[in-house]
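**Q** One structure coming up, written as structure tokens, with questions to follow.
The values are calculated or read from the model by the stated rules, or taken from the named source; none is laboratory data. This is a predicted model, so every value here is computed, not measured. FYI the Cβ positions are ideal-geometry reconstructions off the backbone, even for glycines, and counts take in every protein chain you see. In case anyone asks, the SASA skips ligands and DNA or RNA and just uses the protein heavy atoms, side chains included. Shrake-Rupley method; radii C 1.70, N 1.55, O 1.52, S 1.80 Å.
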Amino acid sequence: MSNQISKVIARQVWDSRGRPTVEAEVTLVSGATGRAIAPAGASRGAHEAVDLRDGGTAFGGFGVARALAGVEAEIAPALLGQDATEQVTIDRLLIDLDGTPNKSRLGANALVAVSMANLHAAAASAHVPLWQWLAQGRPVRIPLPEIQIFGGGAHAGRRTDVQDFMVMAPKAGSFRRALEITADIYRAAGQLMEARGPITGVADEGGWWPNFTSNEDALDVLTQAIERAGYRAGEEVFISLDIAANEFCVDGGYSMALDQRILSADEMVERMVAWAGRYPIVSIEDPAGQDEFSTLAKINAQIGHRVQIIGDDVLVTNAERVGRASDAAACNAVLIKVNQAGTVTEAKAALDAGKARGWGTIVSARSGETEDVTISHLSVGWDGGQLKVGSFTRSERMAKWNEVLRIEESLGSNAVYAGCDAFFAPVAANLTKG
Ligand code: 2PG
Ligand code: MG
């Protein structure tokens, strides 16, 4: 059978932080091959699948020799002869082979690279682009992008408490236009930053390095940048935040470095509600710690009808945790990062769990990335609705935006931009009523 796997190899390549990571290559009897690279997060949830790193002194402990060895000694022999088009079976095999609840034995970095490489090989064998292989004829939309303008938190030496200050253009009409709008805003934001003092570069995901006296200062400048670029903030272009609050959640309180004080959970709720009232915010990710379902529920109850409340560190791309959050009414959207789950199939299950509840779903990159564009295809092929890749500079980010541009172009007049419909219905309705 030509779809049988004939070879699986893994090699060490390097990510956007200059750290080693795993690239896997899967070859089929037909000669088709697929290749994928594992990304790596910096602000990680405790319930994520974990990477296998060598520790010790070499490469700051980030070496992947053990992860590579596991692919060679165990994963490759187990996959030989398997049908690559049976992704669920392949992933089940990987999960069972690892045998741990968090993928710690063989490493989520090894598993996710092989799982995604297999997906590419299957698509190559069918001679179709990956997004099309995933869609299998079902209707898809071009995702609404969520694009970072300022990077903070764990991606910028904690110069702001908030990790991602982003923009969204749900009414842009097309992905191509949304990127043009973002380019204008990114440039305008740079000019505003320059006027405030020397620009000191960019953060991990390419957003301007923050030079702000408070989180609110950053929100003011971002709003100004939208307007300076010629767009109406709160009508055409909206702000999206990843608070990544888990990073500064201590004993249920929130240690806000720029405020020089610890907010109680209720004060955090008040802060989010106040920001959503004062700024043109349409989306907030992780406004509470990774197990703070009740704090999230309070925020969701107050603003969830008009603001997307995304779970990332709290949901860790896990269908079961999506169910828990849904029961607690803690979120109305789920971030999907394949390496948080460890396999393509588990990530898809989390996405489906979100969709089944009418939630927004956002396929996302990690802060440590490479030229790999798998997620661009996942976001289209799975009809994910939204895509988060980081900022609008640095080629590990631009590669992913550019890939979606190509897909949109290939669809011609059949391309449908997800736009406002990418949100949970009440949020979408609120956006379109104006
Ligand atoms: C996040 C991601 C991407 P990291 O928190 O959503 O911005 O960061 O990959 O460091 O977890
Ligand atoms: Mg996040």
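**Q** Of all strands (runs of 3 or more DSSP E) completely enclosed by region 305-416, which ones contain at least 1 residues that are closer than 30 Å to Ala84 by Cβ?
**A** Where strands (runs of 3 or more DSSP E) fall fully within region 305-416 and carry at least 1 residues being closer than 30 Å to Ala84 by Cβ, they are 333-336, 360-364, 385-391.
**Q** Got a number for residues in region 48-61 being among the hydrophobic types (A, V, I, L, M, F, W, C), surrounded by fewer than 20 Cβ atoms within 10 Å (Cβ to Cβ) and not in a helix (DSSP H, G or I)?
**A** The number of residues fulfilling the criteria is 1.
**Q** OK, next. Return the pair list, or none, for Cβ contacts closer than 6 Å from residues in region 201-227 that are touching a residue at least 12 places away in the same chain (Cβ under 8 Å) and small (Gly, Ala, Ser) to residues that are in a loop (DSSP other than H, G, I, E, B) and within 16 Å of ligand 2 (Cβ to nearest atom), at least 6 apart or on different chains.
**A** From region 201-227, the pairs are Ala203/Ala156; Ala218/Thr160.
**Q** Would you please name the residue that is surrounded by the most Cβ atoms within 10 Å (Cβ to Cβ), looking only at residues in region 233-245 that are under 22 Å from Gly41 (Cβ atoms) and not hydroxyl-bearing (Ser, Thr, Tyr)?
**A** So the residue we want is Ala245.
**Q** What are the residues in region 134-149 that are in a loop (DSSP other than H, G, I, E, B) and either in contact with a helix residue (DSSP H, G or I) (Cβ under 7 Å, 6 or more places away or on another chain) or at negative phi (or both), if any?
**A** Matches in region 134-149: Arg138, Pro139, Val140, Arg141, Pro143.
**Q** Please find, among Gly206, Gly157, Gly197, Gly173, the residue that is in a loop (DSSP other than H, G, I, E, B), within 16 Å of ligand 1 (Cβ to nearest atom) and either among the aromatic types (Phe, Trp, Tyr) or open to solvent by 10 Å² or more (accessible area, probe 1.4 Å) (or both).
**A** Values: Gly206 fails: either among the aromatic types (Phe, Trp, Tyr) or open to solvent by 10 Å² or more (accessible area, probe 1.4 Å) (or both); Gly197 fails: within 16 Å of ligand 1 (Cβ to nearest atom); Gly173 fails: within 16 Å of ligand 1 (Cβ to nearest atom).
Testing whether each residue is in a loop (DSSP other than H, G, I, E, B), within 16 Å of ligand 1 (Cβ to nearest atom) and either among the aromatic types (Phe, Trp, Tyr) or open to solvent by 10 Å² or more (accessible area, probe 1.4 Å) (or both) leaves just Gly157.
**Q** I'd like the residue in region 161-203 that is charged (D, E, K, R) and more than 16 Å from ligand 2 (Cβ to nearest atom) and, out of all such residues, is nearest to Leu405 (Cα to Cα). If you could, list the steps in order and put the result at the bottom.
**A** So the first thing to find is which residues in region 161-203 are charged (D, E, K, R), and the list is 161, 164, 171, 176-177, 180, 184, 187, 194, 196.
Still in the list and also more than 16 Å from ligand 2 (Cβ to nearest atom): 171, 176-177, 180, 184, 187, 194, 196.
Working: Lys171: 17, Arg176: 6, Arg177: 10, Glu180: 11, Asp184: 17, Arg187: 20, Glu194: 30, Arg196: 34 Å.
Of everything passing the filter in region 161-203, Arg176 is nearest to Leu405 (Cα to Cα).
**Q** Report those strands (runs of 3 or more DSSP E) wholly inside region 1-47 carrying at least 3 residues which are open to solvent by 50 Å² or more (accessible area, probe 1.4 Å) and either in contact with a helix residue (DSSP H, G or I) (Cβ under 9 Å, 6 or more places away or on another chain) or touching a residue at least 24 places away in the same chain (Cβ under 8 Å) (or both).
**A** Values: elements: 5-14, 20-28, 33-37.
Because the criterion is at least 3 residues that are open to solvent by 50 Å² or more (accessible area, probe 1.4 Å) and either in contact with a helix residue (DSSP H, G or I) (Cβ under 9 Å, 6 or more places away or on another chain) or touching a residue at least 24 places away in the same chain (Cβ under 8 Å) (or both), the strands (runs of 3 or more DSSP E) in region 1-47 that meet it are 5-14.
**Q** So, one more: Considering region 310-328 alone, what residues qualify as being more than 14 Å from ligand 2 (Cβ to nearest atom), among the aliphatic types (A, V, I, L, M) and open to solvent by less than 20 Å² (accessible area, probe 1.4 Å)? Give the steps one after another, and end with the answer.
**A** The first filter runs over region 310-328 and keeps only residues more than 14 Å from ligand 2 (Cβ to nearest atom), leaving 318-328.
Right, trim to among the aliphatic types (A, V, I, L, M) and you get 319, 322, 325, 328.
Hits for region 310-328 are Val322, Ala325.
**Q** Being buried (at least 21 other Cβ atoms within 10 Å of the Cβ) and touching a residue at least 60 places away in the same chain (Cβ under 8 Å) is the filter; apply it to region 290-309 and report the residue that is farthest from ligand 2 (Cβ to nearest atom).
**A** Checking each candidate, the answer is Gly304.
**Q** Considering Gly63, Gly81, Gly41, which residue is on the phi > 0 side of the Ramachandran plot, in contact with a strand residue (DSSP E or B) (Cβ under 9 Å, 6 or more places away or on another chain) and not assigned by TED's automatic domain parsing to the domain that holds Asp291?
**A** When all the criteria are applied, what remains is Gly81.
**Q** Determine, yes or no, whether Phe248 is assigned by TED's automatic domain parsing to the domain that holds Ala422, surrounded by 19 or more Cβ atoms within 10 Å (Cβ to Cβ) and farther than 27 Å from Gln340 by Cα. Please lay out each step first, then the result.
**A** Working: assigned by TED's automatic domain parsing to the domain that holds Ala422: yes; surrounded by 19 or more Cβ atoms within 10 Å (Cβ to Cβ): yes; farther than 27 Å from Gln340 by Cα: no.
Considered against the rule, which asks whether it is assigned by TED's automatic domain parsing to the domain that holds Ala422, surrounded by 19 or more Cβ atoms within 10 Å (Cβ to Cβ) and farther than 27 Å from Gln340 by Cα, Phe248 comes out as no.
**Q** Could you tell me which residue of region 266-286 is nearest to ligand 1 (Cβ to nearest atom), considering only residues that are buried (at least 24 other Cβ atoms within 10 Å of the Cβ) and farther than 23 Å from Gln224 by Cβ?
**A** Result: Asp286.
**Q** Consider Val344 against the criteria (1) within 15 Å of the chain's Cα centre (by Cα); (2) closer than 28 Å to His305 by Cβ: it satisfies all of them except one. Which criterion is unmet?
**A** It fails just one condition, (2).
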